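Asks: First, the structure itself, so that you have it in front of you.
The values are calculated or read from the model by the stated rules, or taken from the named source; none is laboratory data. Because the structure is a prediction, the values reported are computed rather than measured. Virtual Cβ from ideal backbone geometry, glycine too; neighbours counted across all protein chains shown.
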Amino acid sequence: MTEKSTTVRVIQTLAPPLSRVSPELSARCLEQLFLTPRKHPRPKREHEWLATAERGSIRFDDRRHVPIFAWGRRSLHGGPVLLVHGWAGRGAQMAAFARPLVEAGHRVVTFDAPAHGDADGRLTGLPELAEAVERVAQVIGEPRAIIAHSLGTTAVTIAMARGLAPEKVVYVAPPAHPDEYLHRAAAFLGFAPKVGRRAQRRIEARFGYPFSDAKVTALAETLDAKLLIIHDEDDDDVPIAEGRTLAARWPGATLVETAGLGHRRIVRDPQVVEAAVDFLSEVAN
C-alpha cells in the first residue's frame, strides 16, 4: 500500500465523523488539502531537459518568486511559445515540447507555478495559476502560442478571458468543469456536502475569486484563438468526455483523441509532441 493511499484511507475514515462534529474545522482541513499541491521527485529526463535551459525567476508577490526556464535565443515567428503545467506538476514536465519547437524556429518558455516545482510557497489555487501565466507573459512578452496541460489549460483560459491573446493554443487533457472539482474531492474523501460548501466559501474569500468565474465552457465561447485539444481515452484523472465537451463549446476547436497514454505520459509522447509542434508552426505560414 502506497503512502498516498494510506493517507487517503485515513482521511476517508476521519472525514465523516469530523464533518458531523465540527463542519467548520472540517472545512478548514478540506481547504488545506485542496490547496496543497503534492510535489514529486524529478525523474532523470527532467534534469536532462533543464540542463539545457536558461534559468531565471520573477517576483510573484512580496514573499514568493516563480522560476522560469527558456530554450532558444529568439523566435522567427514573433512571440515565444509558453508551456504551462497542470496541478501538482512543474514546468519541466512540459519540456519534451521544447527542442522540437526550438528546431522549428520558436523560443520556448516554461515556469513553475506558486507552490509547484521549485517555486516558493506551500498553498496555492487556480486563481494564482492564472495570475502566474499573466505575470510570466508580461515578462517574456506576449506569447504567440501556448501549450498547456490539465488544470494549466483552465489557468490559460482564464488569462485569455482577461486579455491574454495568443494566436494558437494546444490543450492536453483539459478539464471542462474545474469549478466542480472541490466538491468531487470532498465526496471522494468522505466530507459532507455542507463541508464542501463551507470550504468553497473559504477558498473564494482567500483569493477573491468565485468558483463561477472558472466555468471554462462559458469562457470558451467568448474566445477566438485557434485551439487543438489532445486527450487520451484512458485518462483516469480528467475523463476524455471533458475534452470533448470543451471542444464542442470552443469555436472552431480541433480534437485529437489518443489511447493508452493516460493523463501524464501524454505530454511527452512523440506523436503528441509532433502534432502540437506542427499545429503551432503553422502560425508562421
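Asks: Being within 16 Å of SER150 (Cβ to Cβ), assigned by TED's automatic domain parsing to the domain that holds ALA173, surrounded by fewer than 18 Cβ atoms within 10 Å (Cβ to Cβ) and in contact (Cβ under 8 Å) with a residue 12 or more places away in the chain narrows it down to one of ASP236, ASP232, ASP224, so name that one.
Replies: ASP236
Asks: Could you figure out which of (1) farther than 21 Å from ARG265 by Cα; (2) crowded, with 22+ Cβ neighbours inside 10 Å; (3) assigned by TED's automatic domain parsing to the domain that holds LEU151 isn't true of VAL84?
Replies: All conditions pass for VAL84, except number (1).
Asks: Can you name the condition, by its number, that LEU219 falls short on among (1) at pLDDT 95 or above; (2) over 24 Å from GLU257 (Cβ atoms)?
Replies: Of everything listed in (1) at pLDDT 95 or above; (2) over 24 Å from GLU257 (Cβ atoms), LEU219 misses just condition (2).
This table checks each residue for (1) farther than 20 Å from VAL272 by Cβ; (2) buried (at least 24 other Cβ atoms within 10 Å of the Cβ); (3) under 12 Å from the mean Cα position of the chain (by Cα).
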position: GLY91; (1), (2), (3): no, yes, yes
position: MET94; (1), (2), (3): no, yes, yes
position: ARG99; (1), (2), (3): no, no, no
position: VAL109; (1), (2), (3): no, yes, no
position: ALA115; (1), (2), (3): yes, no, no
position: ASP118; (1), (2), (3): yes, no, no
position: ALA130; (1), (2), (3): yes, yes, yes
position: VAL139; (1), (2), (3): yes, no, no
position: GLU142; (1), (2), (3): yes, no, no
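Asks: Is there a residue in region 162-172 that is modelled with pLDDT of 95 or more, surrounded by 22 or more Cβ atoms within 10 Å (Cβ to Cβ), out of contact with any Asp or Glu (no Cβ under 8 Å at 6 or more places or on another chain) and part of a helix (DSSP H, G or I)?
Replies: There is no residue in region 162-172 that is modelled with pLDDT of 95 or more, surrounded by 22 or more Cβ atoms within 10 Å (Cβ to Cβ), out of contact with any Asp or Glu (no Cβ under 8 Å at 6 or more places or on another chain) and part of a helix (DSSP H, G or I).
Asks: Any idea which residue in region 25-47 is surrounded by the most Cβ atoms within 10 Å (Cβ to Cβ), counting only those that are in a loop (DSSP other than H, G, I, E, B) and free of Cβ contacts under 8 Å to residues at least 24 places away in the same chain?
Replies: PRO43
Asks: Same structure again: Which of (1) loosely packed, with under 15 Cβ neighbours inside 10 Å; (2) touching a Phe, Trp or Tyr at 6+ places or on another chain (Cβ under 6 Å) is the odd one out, the single condition GLY252 does not satisfy?
Replies: That leaves (2) as the condition not met.
Asks: Same structure again: Considering only region 189-203, I want to know if a residue exists there that is outside the structural domain of GLN138 (by TED's automatic domain parsing), surrounded by 14 or more Cβ atoms within 10 Å (Cβ to Cβ), of a type outside the set (D, E, K, R) and free of Cβ contacts under 8 Å to residues at least 60 places away in the same chain.
Replies: Yes, region 189-203 contains at least one residue that is outside the structural domain of GLN138 (by TED's automatic domain parsing), surrounded by 14 or more Cβ atoms within 10 Å (Cβ to Cβ), of a type outside the set (D, E, K, R) and free of Cβ contacts under 8 Å to residues at least 60 places away in the same chain.
This table checks each residue for (1) touching a strand residue (DSSP E or B) at 6+ places or on another chain (Cβ under 6 Å); (2) of a type in the set (A, V, I, L, M).
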{"site": "ALA88", "(1), (2)": "no, yes"}
{"site": "PHE97", "(1), (2)": "yes, no"}
{"site": "VAL102", "(1), (2)": "yes, yes"}
{"site": "HIS106", "(1), (2)": "yes, no"}
{"site": "ALA113", "(1), (2)": "no, yes"}
{"site": "ASP118", "(1), (2)": "yes, no"}
{"site": "ARG122", "(1), (2)": "no, no"}
{"site": "GLU131", "(1), (2)": "no, no"}
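Asks: Only residues that are on the phi > 0 side of the Ramachandran plot and either among the aliphatic types (A, V, I, L, M) or modelled with pLDDT under 95 (or both): list them for region 104-125, please.
Replies: GLY105, ALA115
Asks: Can you report the number of residues in region 48-94 which are in a helix (DSSP H, G or I) and within 25 Å of ILE158 (Cα to Cα)?
Replies: Matching residues across region 48-94 total 4.
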